[in-house]
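I have placed the structure first, in the form of structure tokens, so that the comments after it can refer back to it.
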Amino acid sequence: MKLSIVIPMHNEAENVVPLVREIDSACADLPDKELILVDDGSNDDTARLIQELRTEYPWLRLIRHPKAGGQSAAVHSGVLAATGAIICTLDGDMQNPPAEIPKMVAPLMAPDAPADLGLVAGQRVKRQDTWSKKIASKLANRLRAWMLNDHTRDTGCGLKAFRRDAFLRLPFFNHMHRYLPALFARDGWQVAHVDVAHRERGGGSSNYNNLQRALVGIYDLFGVAWLIRRAKTAHPQEVPAPGEGHE
């Protein structure tokens, strides 16, 4: 089964080379793979550095957005371009260790993987963030858990593995990447959780601040809650024409 690793990047020139090299080392035992880096309208050397690395790593691909569309749009573009049945995402800032990738995808790629397992969500332990960011994240996670009942401690972790076909059937909207556990569960999929390591940002600066996260998060949260409560599950069965299906 092929694995597609999808990473959204916006002005991550300082992190491109070390990140790709770490992924190459961490995933050496996963021969059938591709790495898709989605340059989301960067105005630094992110795209140029990715192109230079492609001569060394033939399984590396580059998708570009002429203008920044946001993290969810970048992930969606990468998944659309992917050729693997299983997708693994992580952030491009080096805070998600690539060494966690094999652990994330193992439940989905195992020969006896449950047919109804759609998503494996990473949950960060010992977060290496500022105290203000950790407090804001904890409050947001509690509010989200109360409203969505998604049984997820840390929905903001960039490390996630999921079935490509299941993801592409989800409703797409800006910032959807923050609500994947609830959206997968809404469609009837089982969601597993895996504790993962977290580390300080490798280089560059965050593209968000705490106020932006809070304002956007509250707005989106009500929309996702509405989607979940309005969900209807149908079980269609095609009826054969008269005479078909009989000896």
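Bear in mind that the values in this text are calculations on the coordinates, not laboratory data. What you see is a predicted model; the values in this text were computed from it and never measured. Quick reminder, even Gly has a Cβ in these numbers, built from the backbone with ideal geometry, and neighbours come from all protein chains shown.
One chain, two ends: residue 2 and residue 237. Fully extended at 0.36 nm per residue, the span grows by 81.6 nm beyond their Cα-Cα distance.
Counting every alpha-carbon pair across segment 3-229, the share separated by more than 29 Å comes to 21%.
Applying 0.36 nm per residue to the separation of residue 115 and residue 29 and subtracting their alpha-carbon distance, the gain on full extension is 28.6 nm.
Subtracting the Cα-Cα distance of residue 230 and residue 43 from their residue separation scaled by 0.36 nm leaves 63.3 nm. Restriction of the trypsin sites (Lys or Arg not before Pro) in segment 28-79 to DSSP coil positions whose beta-carbon has at most 11 other beta-carbons within 10 angstrom yields 67. Placing a pseudo-label 7 Å from each Cα along the Cα-to-Cβ vector at residue 17 and residue 187 gives an inter-label distance of 3.9 nm. Pairs of Lys residues in segment 3-229 are counted when their Cα atoms are under 28 angstrom apart and they lie 8 or more places apart or on different chains; the count is 16.
Peptide packing for 77-84, 98-105, 165-172 was compared via the average number of neighbouring C-beta atoms within 10 Å per residue; ordered from the highest value, the list is 98-105, 77-84, 165-172.
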